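Dropping a structure here in structure tokens format, bear with me for questions.
The values are calculated or read from the model by the stated rules, or taken from the named source; none is laboratory data. What you see is a predicted model, and the numbers here were worked out from it, not measured in a lab. Cβ sites come from the backbone with ideal geometry, for glycine too, and all protein chains shown count toward neighbours. These accessible areas exclude ligands, DNA and RNA; they are computed on the full protein's heavy atoms, side chains included. Shrake-Rupley method; radii C 1.70, N 1.55, O 1.52, S 1.80 Å.
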Amino acid sequence: MLRECGAKARTNGHKPCRQPAMINGRCRLHGGLTRNTGAKTEEGKLRQKMANWKHGLRSKEVREEKRLVRELIKKSKQLIASI
């Protein structure tokens, strides 16, 4: 039994879509993509994360390193002032 899509149309007097649903129950025009639940493995998650990597200037590691450098400069200034 083939079902109709039934999606609301913006034209044609706002009548519902009459396209038959495909085997998976979705309309070929309005069905959309199947839901991707994302990467499952650590390797896949890392690959996903690195796909949008641009320069790393705001990464955790760089921020921590900058914080340590600021602390070092502050301590150096205090040491110089105490001499």
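Exactly one of these conditions fails for N12: (1) at pLDDT 80 or above; (2) at positive phi; (3) polar (S, T, N, Q). Give me its number.
Condition not satisfied by N12: (1).
Turning to a different aspect of this structure: Restricting to region 67-83, and then to whatever is open to solvent by less than 100 Å² (accessible area, probe 1.4 Å) and aliphatic (A, V, I, L, M), can you tell me which residue is farthest from A21 (Cα to Cα)?
The selected residue is A81.
Test of understanding: among E43, E64, which residue is of a type in the set (D, E, K, R), open to solvent by less than 100 Å² (accessible area, probe 1.4 Å), out of contact with any strand residue (DSSP E or B) (no Cβ under 9 Å at 6 or more places or on another chain) and assigned to a helix (DSSP H, G or I)?
Result: E64 is the single residue among E43, E64 that is of a type in the set (D, E, K, R), open to solvent by less than 100 Å² (accessible area, probe 1.4 Å), out of contact with any strand residue (DSSP E or B) (no Cβ under 9 Å at 6 or more places or on another chain) and assigned to a helix (DSSP H, G or I).
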